[in-house]
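The block underneath contains the structure these notes are about, expressed in structure tokens.
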Amino acid sequence: MKPWALANGHKPSGGTLLAGAMALAAAAIAWFGMAPTGGTRPSTETVTAAGDERPPREPAVPGVSTGGLPTRIVVPSAGVDAAIAEVGVVRENGRAVYETAWRAAGHHLDSALPGQPGNMVITGHVSVADRGNLAVFSQLESVQEGDLVEVYSGGEAYRYVVEKVLVVPPTAVKLLRSGAASQVTLVTCTKDLKNRLVVIGTLTA
């Protein structure tokens, strides 16, 4: 997964090594920050800008759509049909924390777009403390290999076939990395909140 871009353009004084450490820390925030505390409304200072549009990109693979921002996710086998919001790292009480989507699944800003080569990372709560929020992935454990994950960008649907369903420790951040394949990675907590439930799908024609 690409490192998170800071909106203020500030470069850490420690050079390349420190920048790499910050990128790794951001990935860890994303992974560790999935404990379902009920989510927070996006009222904190945003460090990673969440623009409504991204500049056009040349496709890494000819003939593969670069897509637009994801707007909706449907996973029939888990009863999921939810909106998608952009999420990033925010500063809260002087420290960096991972933003959680409110009444929606969260698309990681620096992960791939629908239909695009790379890993599109979408996170969601398995349970919430605030009844005003939404546990979009409460039944994600029902998903099995071969099931379908549909991610929409406006009216256009991109379909992914599930290839892996994993339970991993919070330290397994390598699953967030991007490769050449067009994939979607869904992440939530396990029911006991101790580990991560991960669903990985590959784009199908």
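What number of residues within segment 147-177 satisfy the criterion of being out of contact with any Phe, Trp or Tyr (no Cβ under 8 Å at 6 or more places or on another chain), more than 18 Å from T71 (Cβ to Cβ) and surrounded by fewer than 20 Cβ atoms within 10 Å (Cβ to Cβ)?
Counting residues in segment 147-177 that are out of contact with any Phe, Trp or Tyr (no Cβ under 8 Å at 6 or more places or on another chain), more than 18 Å from T71 (Cβ to Cβ) and surrounded by fewer than 20 Cβ atoms within 10 Å (Cβ to Cβ) gives 12.
Which one of the conditions (1) surrounded by 24 or more Cβ atoms within 10 Å (Cβ to Cβ); (2) more than 16 Å from R72 (Cα to Cα) does L186 fail to meet, given that it meets all the rest?
(2)
Give all pairs with beta carbons closer than 9 Å in which a residue from segment 138-152 that is over 15 Å from T123 (Cα atoms) meets a residue that is among the aliphatic types (A, V, I, L, M) and surrounded by fewer than 17 Cβ atoms within 10 Å (Cβ to Cβ); count only pairs at least 6 apart in sequence or on separate chains.
E145/V161; G146/V161; D147/V161; L148/V74; L148/V161; Y152/V74
Where residues in segment 72-82 are surrounded by fewer than 17 Cβ atoms within 10 Å (Cβ to Cβ) and in contact with a strand residue (DSSP E or B) (Cβ under 7 Å, 6 or more places away or on another chain), which of them is nearest to A181 (Cα to Cα)?
So, considering only residues that are surrounded by fewer than 17 Cβ atoms within 10 Å (Cβ to Cβ) and in contact with a strand residue (DSSP E or B) (Cβ under 7 Å, 6 or more places away or on another chain), the one nearest to A181 (Cα to Cα) is V74.
Of all residues being surrounded by fewer than 19 Cβ atoms within 10 Å (Cβ to Cβ) and among the small types (G, A, S) in segment 83-107, which is farthest from S127 (Cα to Cα)? Just the residue, please.
The residue in question is G94.
Laboratory data are not the source of any read-out in this text; all were calculated from the coordinates shown. Just so it is clear, the model here is predicted, and its values are computed rather than measured. Cβ: placed from backbone, ideal geometry, glycine included. Neighbour counts: every protein chain shown.
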